[in-house]
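J.: The structure that follows is given in the form of structure tokens.
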Amino acid sequence: MRSRGSISALAALLTLAGCSRGGHLYSPRSLPPELQASRAENAQTIDLSRLASYSMSNELIDRGDVINVAIAAGYGAEKIDNMPVRVGDDGVANIPVIGRVELAGIELQSAEQVIAAASIERGFYRNPSVTVTMNKRRTNRITVIGAVEKPDVYELPRGASTLLAAIVAAGNLSKKAGTGVEIRRPARATTPASDSQQVRAAGGAQLTSYSPQRPSLPSPTVGQPVAFKINLVTAAQQGDGGPSLEDGDVVMVERRDPQPVHVIGLVARPGQFELPVNQDMHLLDVLALAGGLTLNVADKIHVIRTLPGHTEPAVIQISFKDAKAGGASNLRLSPGDVVSVEETPVTVVVDSIRTFFRVGFSSALPGL
């Protein structure tokens, strides 16, 4: 897509191209790694299902869940119906009469057996009948912003608050999504209780996690937020589920909006052209968008590339004939590149001859 810049902007580009003549000159084959354009990663082709490396049973009890516990002593004794009990952050539920019983991480049916065994062991019942049902699951409020279809705040079950679940809840990635995701965890008033076991999460960082199968962000210290960046491609390849999320987390999906590529010099339509978000653009691609070269003898092309934090641009000299032959000369372009089709003594002579014949022939015709 072409857009017309102001005269001053074009002048600045011409000045940049002219000043760069004295800079470092490279060929496509001698280009150092730091000056090579990165391949475009297509977020639309990522198999997000590979982030789901584990599944959670709907019967599983998690910390913060509220369950109903009903106990019948047997032999016609009165039944205690639907005692609401909250499972604490330490995984333990304080059940009336019976006391503290560890329930987090087991299913409802197993919880019935554990409670019955505890009541017998502690001498409260001889042959109890225990029924455990789920009353209310604890949820996490997760904010999803950036390059997703429906940015908003979503409530996810605590046991299933994964990166994949958050992206799916937000309508999946948008067409302009990049492959980077930043997860921000706000500062806590108090440090939450958590398992100190260390696991390796996507991207290779050491993170604190409640369960070895559930990589998560490190818990922030009191008053200190934390942030964590991952690459969706890497996380999907590793298939480790990505980091688990906590209440209040903010998931920000990178939005790719690369700088345009500028084309100047001996082309039919000089201007600036947008880089595709999720695919590579090469030298011949942008020259075609610029309408091609105005002179068949034009062969010398400079690609002016500036690295972030560097004041001196690098100049990559390319032969148009070599570019058409393929290989490294059909250079992969970077955001912000300036492509200049250069004048040479040959192009000046050819252009002068063409102008002479056009103007001279026209003036020699009667009535012109």
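J.: Would you order 322, 257 from fewest to most other beta-carbon atoms within 10 Å of each residue's own beta-carbon? Walk me through the numbers on the way to the answer.
T.: On the way: 322 17, 257 12.
Least to most surrounded, the residues fall as 257, 322.
J.: Sort 250, 233, 286 so the one with the fewest other Cβ atoms within 10 Å of its own Cβ comes first.
T.: Numbers: 250 19, 233 16, 286 22.
Ordered by Cβ neighbours within 10 Å, fewest first: 233, 250, 286.
J.: Considering the zone a paramagnetic label at residue 296 would reach in this model (a point 7 Å from Cα along the Cα-to-Cβ line), which residues of the range 319-337 have amide N under 15 Å from it?
T.: So the set is 321.
J.: Further question: Is any residue of the range 287-303 close enough, with backbone N under 13 Å, to a label point placed 7 angstrom from the Cα of residue 354 along the Cα-Cβ axis, and if so, which?
T.: 292-299
J.: In sequence order, what are the phi-derived ³J(HN,Hα) couplings for the range 293-302 according to the Karplus relation 6.51 cos²θ - 1.76 cosθ + 1.60 with θ = phi - 60°, rounded to whole Hz, with x for glycine and proline?
T.: For the range 293-302, the Karplus-derived couplings read 7, 7, 10, 5, 7, 5, 9, 8, 10, 10 Hz, x marking Gly and Pro.
J.: Let me ask something else about it. Just want the ordering: 27, 329, from fewest to most Cβ atoms lying within 10 Å of their own Cβ.
T.: Details: 27 13, 329 21.
By the 10 Å Cβ count, ascending: 27, 329.
J.: What list of ³J(HN,Hα) values in whole Hz, one per residue of the range 118-130 in order, does the Karplus curve 6.51 cos²θ - 1.76 cosθ + 1.60 (θ = phi - 60°) give from phi, with Gly and Pro shown as x?
T.: Residue by residue, the range 118-130 yields 5, 5, 6, 4, 8, x, 8, 9, 9, 9, x, 10, 10 Hz.
J.: While we're on this one: List the lysines whose Cα sits under 27 Å from the Cα of residue 150, skipping any in the same chain fewer than 8 residues away.
T.: Partners within reach: 136, 175, 176, 229.
J.: FRET efficiency for residue 113 and residue 49, Cβ-Cβ distance as r, R0 = 30 Å, nearest 0.05? Spell out each step's value before the answer.
T.: Values: r = 34 Å, r/R0 = 1.15.
E between residue 113 and residue 49, to the nearest 0.05, is 0.30.
J.: Under 8 Å for C-alpha pairs, at least 6 residues apart: give me the relative contact order for the range 66-136, rounded to a whole percent.
T.: On the way: 121 pairs, mean separation 27.0, N = 71.
Relative contact order, the range 66-136: 38 percent.
J.: Quick one: what are the phi-derived ³J(HN,Hα) couplings along the range 158-174, Karplus 6.51/-1.76/1.60 with θ = phi - 60°, whole Hz, x for glycine and proline?
T.: Along the range 158-174, the couplings run 4, x, 10, 8, 10, 4, 4, 4, 5, 5, 5, 4, 8, x, 6, 5, 7 Hz.
Quick note: the coordinates plus some simple rules give every number you see, no bench work behind them. Owing to the predicted nature of the structure, the values given are computational and were not obtained by experimental measurement. With ideal geometry, Cβ positions are generated from the backbone for all residues, glycine too; neighbour counts draw on all protein chains shown.
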